[in-house]
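Down below is the structure, laid out as structure tokens.
Just so it is clear, none of the values below were taken in a lab; they were calculated from the coordinates. Just so it is clear, the model here is predicted, and its values are computed rather than measured. With ideal geometry, Cβ positions are generated from the backbone for all residues, glycine too; neighbour counts draw on all protein chains shown.
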Amino acid sequence: MTAAHRSGFVCVVGRPNAGKSTLTNALVGEKVAITSGRPQTTRHVIRGIVHREDAQVVLVDTPGLHRPRTLLGQRLNDLVMATLGEVDAVVFCLPADQKVGPGDRFIAEALAGLGAATPVIAVVTKADLASRARLAEHLTAVAGLGDWAEIVPVSAVDGFQVDTLVDVLVRHLPEGPALYPAGELTDEPESVMVAELVREAALEGVRDELPHSLAVVVEEIVEREGRDDGQPPLLDVRVNLFVERESQKGIVIGRGGARLREVGTTARREIEALLGSRVHLDLHVKVAKDWQRDPKQLGRLGF
């Protein structure tokens, strides 16, 4: 007798920089969420889809839960909490290279309120960065943090137990048909993915104060007209990068525009791979003063 097909949504949560987006990409097998060593890289709910013959797992990668200091931070937390109420299971990421801390306890308390109907799988991420003794110690600490359905150590970098984690998730999903067409890896609009790729490139190698102050908005993606040279179509992609202060604008642009050109070169490669077409990327840096704390500007920037 053939096993019934299973499908459902799994929310991936954890404090900032816990490896959520890297794990999501590893499970999907393709890059669907941007990653960075900077905390709070993820600002939107990103869906990544894992396809198997017997199941379909829709991963919902969320911003890191944290004690907010700005209106943006509060809205990101609200987004995560709303998502938790709409999924079939939860993955709680706790990095093996860091001790269980107040941020993890804060999230564990929030997850405890979900009840038995929503299983929570505690996933110890970054297992490749911990010794066997440290990993065992961390697993014990995680076990004492809450009543988890299962605890799974993984490494998204070397693939350790990534397939095992998929098996665990499938076990906790209800029976049901596929929710997305075969081969579809995300349902994110192209404009959102493009904006995220530009932001990822802009975050590399910048000072600590910039990541939280940077927002990216795609103004347009249009095919250039009047071309009949037998070459693949050329897309004009116009993107605005918003920062909160003039000094931050200088950081993004760099001396003589060198930093912005580097961002453009890096992002264009990723965008061309995403869109399957040649791209002319037009980047503009603008100041939106204190946008993280301004409700009107937050709305205009998509938060």
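One table, with the values for the structure above:
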quantity: Length gained when the stretch E175-K99 is fully extended (0.36 nm per residue, less Cα-Cα span); calculated: 23.7 nm
quantity: Cβ charges +1 (Lys, Arg) and -1 (Asp, Glu), total dipole of the chain, debye; calculated: 1240 debye
quantity: Value of [θ]222 nm, deg cm²/dmol, for the chain, DSSP H segments ≥ 4, -39500 (n - 2.57) each, nearest 500; calculated: -10500 deg cm²/dmol
quantity: Cα-centre dipole for segment 96-246 with unit charges at Cβ (Lys and Arg positive, Asp and Glu negative), debye to 20; calculated: 800 debye
quantity: Percent RCO, i.e. relative contact order, over the chain, from Cα pairs under 8 Å lying at least 6 residues apart; calculated: 18 percent
quantity: Full-extension gain in nm, E204 to Q74, via 0.36 nm per residue minus C-alpha separation; calculated: 44.3 nm
quantity: Stokes-Einstein translational diffusion, segment 144-303 - Kirkwood Rh over all Cα pairs, 0.890 mPa s, 25 °C, in µm²/s; calculated: 129 µm²/s
quantity: Rg [Å, one decimal], Dmax [Å, integer] - the chain, C-alpha atoms; calculated: 20.3, 68
quantity: Sorted by Cβ neighbour density within 10 Å, fewest at the top, the residues V91, V192; calculated: V192, V91
quantity: Sites excluded, trypsin sites (Lys or Arg not before Pro) in DSSP loops with at most 12 other C-beta within 10 Å, longest stretch of the chain; calculated: 100-206
quantity: Ordering of 8-18, 158-168 by burial proxy (mean other Cβ atoms within 10 Å per residue, highest first); calculated: 8-18, 158-168
quantity: Given the chain, longest segment not containing exposed loop GluC sites (Glu not before Pro) (DSSP; at most 14 other Cβ within 10 Å); calculated: 87-183
quantity: In order through segment 148-153: 3J(HN,Hα) via Karplus (6.51 cos²θ - 1.76 cosθ + 1.60), integer Hz, x for Gly, Pro; calculated: 8, 5, 7, 10, 10, x
quantity: Distance (nanometres) between label positions extended 7 Å along Cα→Cβ at D158 and D290; calculated: 4.9 nm
